[in-house]
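First up is the structure itself, then whatever we jot down about it.
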């Protein structure tokens with residue numbers, strides 16, 4: 001695996017090494033020793049999956065409030081997604097910045113998102129599925145979000161939004177979230 005540090009502190013793009021032959025390929029997507037060497041020890045306690053029927057579906061920006069903050073390892077196992085991470089950690093050197101990466105079944109990339117960052121994605125193809133490994137159990141009372149179109153970040157989404165939940169549409173702006 002190759003660990004590529006991105007422009008937000010603690011965020012890595014993970015490029016697996018595919019072993020291909022006439023049958024297809026085999027790829028290692030998680031190794032606790034290798035992750036510990038590159039980014040520190042992570043104990044994943046939950047695995048989740050998100051299926052999205054239509055291209056343009058937007059989910060996010062989500063995070064869990066402390067003490068239930070979570071590290072996520074996200075990969076696209078079918079289709080393609082424009083994955084976005086926003087740094088909302090007040091004492092971070094990259095506070096207030098966002099970045100994106102295209103995750104797809106074709107490129108096999110994953111993104112490691114540390115605690116304290118908001119995460120969202122937009123599907124680029126119909127039938128897109130993302131798989132998550134998560135370091136903390138989900139606590140509905142700790143679930144938080146930031147508006148996907150908040151001008152504090154100015155995220156440029158690649159497609160018009162075709163589907164978004166009412167909950168995601170109604171998250172507060174970043175400034176309001178910061179003040180809460």
Got a sec? Which strands (runs of 3 or more DSSP E) wholly within the range 18-76 have at least 3 residues that are in contact with a helix residue (DSSP H, G or I) (Cβ under 8 Å, 6 or more places away or on another chain) and surrounded by 12 or more Cβ atoms within 10 Å (Cβ to Cβ)? 58-64
Residue under question is residue 128, and the condition is that it be on the phi < 0 side of the Ramachandran plot and more than 13 Å from the chain's Cα centre (by Cα); does it hold? yes
Step by step: first the residues of the range 159-176, then only those that are part of a helix (DSSP H, G or I) and touching a residue at least 40 places away in the same chain (Cβ under 8 Å), then the one that is nearest to residue 95 (Cα to Cα). Which residue is that? 174
Within the range 116-130, can one find any residue that is more than 26 Å from residue 2 (Cα to Cα), exposed (fewer than 15 other Cβ atoms within 10 Å of the Cβ) and modelled with pLDDT of 95 or more? yes
Which number in (1) modelled with pLDDT of 95 or more; (2) farther than 30 Å from residue 90 by Cβ; (3) touching a strand residue (DSSP E or B) at 6+ places or on another chain (Cβ under 7 Å) marks the one condition that residue 30 misses? (1)
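The values are calculated or read from the model by the stated rules, or taken from the named source; none is laboratory data. Keep in mind that this is a model prediction, so the values were computed, not measured. For neighbour counting, all protein chains shown are included, and Cβ atoms are generated from backbone atoms with ideal geometry for every residue, glycine included.
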